[in-house]
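Read-outs throughout are calculated quantities, based only on the coordinates presented, and are distinct from any laboratory measurement. Remember, predicted model here, so these are calculated numbers, not experimental data. Glycine gets a Cβ as well: all are built from the backbone with ideal geometry, and neighbour counts include every protein chain shown.
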Amino acid sequence: MKMKTTLRCIYYLCFVSLINASEKIQTYPFALPPLPYSIHSLKPYIDSKTMDIHYKKHHQGYVNKLNEAIKKYPNLKKKNIVELITSLKTLPPEIQTSIRNNGGGHFAHSLYWKIMSPYGGGKPSGYIAKEINKNFGNVEKFKEKFDNKAQTFFGSGWVWLCTNRAGSLKIVATKGHDVPITQDLFPILVIDVWEHAYYLKHQNKRSDYINDWWNIVYWPEVEKLYKKYTNK
Ligand code: MN3
């Protein structure tokens, strides 16, 4: 039993350090990650106003509330975002919901900004393309499956492409700000399907937003994350 617990601890520490290796380690007070492009540069696929409100109001709001929740707990101030959201059940009960929603929101949005770029779009290549072909048949079939999940997802949430350590890919949808990060599931691509991500430009037409979004998906970043998590 003790051996099992020890092994689990080692596994968890490896998992956290693997995540840390690819995420800039940040602890309290959390801050908005700098955008790797201007708020205007994802046009025409995402308009400036949507970017501005989404990044500076929505994401900033989650960051503020996350900091507010942690403020009174000195022992949590040393924990990074992955440690916080993967140890929810061990946190003080009164802040679990806030960390789940605002911490999850901070993690999800940080990845969302990172995997988009004005230089994005086109077809994936290299390891990630090979793995997409292996898991889904080809890129078109993968996109079809991903699109379908994103289009049919009811309400507010996220659709993710995740890898396990062995490099197998999986499309996962989560509600609200839940994040599919576990000891063997690492997110490498994500689309925000909350209405605030597209309503100003695309109104109720989520499928138009998804079609536009593929033009700004920055595959080199997706592949970079894939390689780090799978050690390729
Ligand atoms: Mn959002």
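Worth a mention:
- Dipole of the stretch 126-230 [Lys/Arg +1, Asp/Glu -1 at C-beta], most positive-end residue of 167, 198, 179: 167
- Cβ charges +1 (Lys, Arg) and -1 (Asp, Glu), total dipole of the chain, debye: 680
- Secondary-structure-derived ellipticity at 222 nm for the chain, considering helices only, amounts to -13500 deg cm²/dmol, per-run term -39500 (n - 2.57) for DSSP H runs with n ≥ 4.
- Alpha carbon centroid spacing (whole Å) that separates the stretch 209-226 from the stretch 121-148: 11
- Note on residue 78 and residue 57: their simple-model spin labels are 3.9 nm apart, each label 7 Å out from Cα toward Cβ.
- Of all complete DSSP H helices in the chain, those with a Cα span along the helix axis of 18 Å or greater and a mean Kyte-Doolittle hydropathy of 0.5 or more are 2-22.
- Each residue, residue 139 and residue 31, gets one label point 7 Å from its Cα in the Cβ direction; the gap between the two is 3.7 nm.
- Remark on the stretch 126-230: hydrodynamic radius 14.1 angstrom, per the Kirkwood mean of 1/r across alpha carbon pairs.
- Residue among 150, 98, 25 farthest towards the positive dipole end of the chain, charges placed on Cβ: 25
- Looking at the stretch 177-232, none of the GluC sites (Glu not before Pro) sits in a DSSP loop with at most 13 other Cβ atoms within 10 Å of its own Cβ.
- Straightening the chain between residue 68 and residue 89 buys 5.7 nm, computed as 0.36 nm per residue apart minus the Cα-Cα spacing.
- Take the Cβ atoms of residue 41 and residue 204, set R0 to 25 Å, and the FRET efficiency comes out at 0.45.
- Using only side-chain charges placed at the Cβ, +1 for Lys and Arg and -1 for Asp and Glu, the dipole size of the stretch 126-230 relative to its Cα centre rounds to 280 debye.
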